[in-house]
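Contents: one structure, followed by commentary.
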Amino acid sequence: MKIYRQNHTREEFAARRSAARNIAVAVFWGLWLLQVSLADSSPSLAATLVVEPSADGVQRATIVMESYSYIPDHLVLHVGSPVELILENKSWLVPHNFILQDADADLRLEADVAGGDRTILRFTPTRSGTGTFYCDKKLLFFKSHRHRGMEGWIDIQ
Ligand SMILES: [Cu+2]
């Protein structure tokens, strides 16, 4: 009569545990990639915000950043008063940025905002014009956020 016994060495258990961990990590990043690539531009309704200076004379506005839009995506600002632009990234994990390079309005703004974070851009418009802002982030070989609709514009009057 034969007796089969399964003896696992400590090394075998360690190898199995490490393999399980590798699979869990691969599944996590796989799902993350999937949500980042599939989460498509929710058809954002163009929203205009006309910003008036508050009691302290500052033109204060909040832009919410999502995958893949800015809300609102159209701001109207006025020449001469300081602006505080609050950028709030509501995306989970996905970083967004805000880039505005406009010679016409003499504005050069740039800010990176990590997922779930916020930042404030301060500037004072010195002349009227229109500038387009956008997010140039992209993941690997996927289309840039701008290509997915993440852009808007500022009118300075
Ligand atoms: Cu983005």
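With each label modelled as a point 7 angstrom along the Cα→C-beta vector, the T9-F142 pair spans 4.4 nm.
In this structure, A103 and H74 have a Cβ-Cβ separation that, at R0 = 25 Å, corresponds to a calculated FRET efficiency of about 0.80.
When only Cα pairs below 8 angstrom with a gap of at least 6 residues are kept, segment 38-121 shows a relative contact order of 26 percent. P(r) tail for segment 48-156: Cα pairs beyond 23 Å make up 23% of the total. Please list, in order, the residues from segment 54-87 whose amide nitrogen is less than 11 Å from a point placed 7 Å along the Cα→Cβ vector of D155. Only 74-77 pass the distance filter. Between R122 and W92, full extension at 0.36 nm per residue minus the direct alpha carbon distance yields a gain of 8.3 nm.
Summing +1 for each Lys or Arg and -1 for each Asp or Glu among the other residues whose beta-carbon sits under 10 angstrom from that of I156 gives -3.
Throughout, read-outs are computed from the coordinates displayed, never taken from laboratory work. Fair warning: this is a prediction, and the values are worked out from it, not measured in the lab. Positions of Cβ are generated from backbone atoms using ideal geometry, with glycine treated the same way; all protein chains shown enter the neighbour counts.
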